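S.K.: What follows is a structure written as structure tokens; I'll ask about it next.
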Amino acid sequence: MTGFGRAKKSFDGFDVTVEIKSVNHRFFEFSSRVPRAYMFLDEKLKSCLQERVARGKVETSVSIEDTSGKSVTLQVNKDYADAYINALRELGKKYRLKDDLKLSSLISNNEIIVPKRTEIDEDKLTNAVIETAKDALDVFVNMRATEGDRLVSDVKSRAELILEKVAFIEERSPQTVKEYREKIEQKIKELVGDVQIDEQRLLTETAIFADKIAVAEETVRLRSHIKEMLDLFEKGGAIGRKLDFIVQEMNREANTIGSKAGDIEITKTVVDIKAEIEKIREQIQNIE
């Protein structure tokens, strides 16, 4: 399910910003963009998100800005500077060069002035980032919940449409048996005229046909799957994977009905049902 959440907070000289966004995915997949110096935050963030997100490809971005100006200090390597200056002067004397040594000649040497990063209190910073992440997660989850309500409404309307078409098949199926019997009678009359028709044989043929095209079991199961899906919506929670399975079973029943159908109207209706099931399948990929 798609979603986005962002939060920013300040803690003891640091501005922390956390952004969370997600796209559709059958399972939970986590990735993060964290400054290299703070990679220890990665697993903590993943655990934080997993507590409330069960599905989706989730990316978390963390920005940490030092506002204290104390995170980095510069140190002068005096021993190295002394050795470096003496070496330059000896070089000047040996080759009779003018001694024009200046401060600017020294600061270009990266070994003389060395930056040193102040030690970070990892536990303190972790708590700050996780607290910010939880705020971003609140926004993220609320956005996904709003989208989820809209998707559930759409899926329910499609389920109702499928039930209407199932009702048509249940009503139409017995009629096809009657039409089949009439068709056989008509065909026999065309072939043999007014010869007495073997009623028992006609009944047998009709029964065989009726058994072959019977879809009552499939329509009952299809109705049952739809009810189970609607019940899951009422229960709430992480239901995406269960919905995946139910939709597979719905499609299986529709395929069986289609393969048994001996009537063009039922066949057309099954095509419509499968189209709606496919639309439901696409939508539930967005439901956690």
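No value in this document is a laboratory result; all are computed from the given coordinates. No experiment lies behind these values; they were computed from the predicted model shown.
S.K.: Mind listing the long-range amide H neighbours of S32? Cut-off is under 5 Å, sequence gap 5 or more, other chains count too, H placed in the peptide plane at 1.01 Å from N.
M.R.: T60
S.K.: For a 25 Å ceiling on Cα separation, which of these pairs sit above it: K134/K227; K156/K268; K46/K156?
M.R.: The answer is K134/K227; K46/K156.
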